[in-house]
Each structure stands twice: as structure tokens, then as C-alpha cells.
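A.B. asks: Below are the C-alpha cells for one structure; questions will follow.
Read-outs throughout are calculated quantities, based only on the coordinates presented, and are distinct from any laboratory measurement. Worth saying up front: this structure is predicted, and the values here are computed from it rather than measured. Don't worry about glycine lacking a Cβ; one is built from the backbone with ideal geometry, like all the others, and counts go over all protein chains shown.
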Ligand SMILES: [Zn+2]
């Protein structure tokens, strides 16, 4: 079986994204800054292994609308992975 996983990415402006390991970008797709933090989640055997909750912003960055709040994103993520 091949490796399955995602990267958590956080840029200096607080934009957070999860990217498939095979579709990783080196820069934030919103503001084009280089990612400040990167963390690998290993989904191969145990989905969500290595997930770093502390990287997920608790409020949306100033320049994004509230409906893109990452707090909501995290809730979705939890609903999918911790049933
Ligand atoms: Zn950014």
C-alpha cells in the first residue's frame, strides 16, 4: 500500500491549509508567503496520526470572511476523523 498523508501548513499571516502530500505547495496560496510551519499527518494506517491541533488557528485571519473560519474547519475535521 502506498503512503497516504497530508501536510498542515501555516503561513506568517495566519493562513492555514491542509494539503495532500502529493500536491504540496511551497508557498501560501492566499498571500504567496513561504509557509512558516509544516507538519506531516500520516493517514496510511491510522487517519489523522500526527495531527497538530495547536497549528490550527482558532479564529479566521483578518483578511478572510468569517464563513471561512478555521474553527469551523477544525470541527469538520474532527467530525470526519473522530467518530
Ligand atoms: Zn498566507
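A.B. asks: Between residue 13 and residue 49, what is the FRET efficiency for a Förster distance of 25 Å, r being their Cβ-Cβ separation, to the nearest 0.05?
C.D. replies: Numbers: r = 28 Å, r/R0 = 1.12.
That pair, residue 13 with residue 49, gives E of 0.35.
A.B. asks: Under the 0.36 nm per residue contour assumption, what length would be gained going from the current alpha-carbon distance of residue 26 and residue 59 to full extension?
C.D. replies: Numbers: separation 33, 0.36 × 33 = 11.88 nm, distance 2.34 nm.
Contour length minus Cα-Cα distance gives 9.5 nm.
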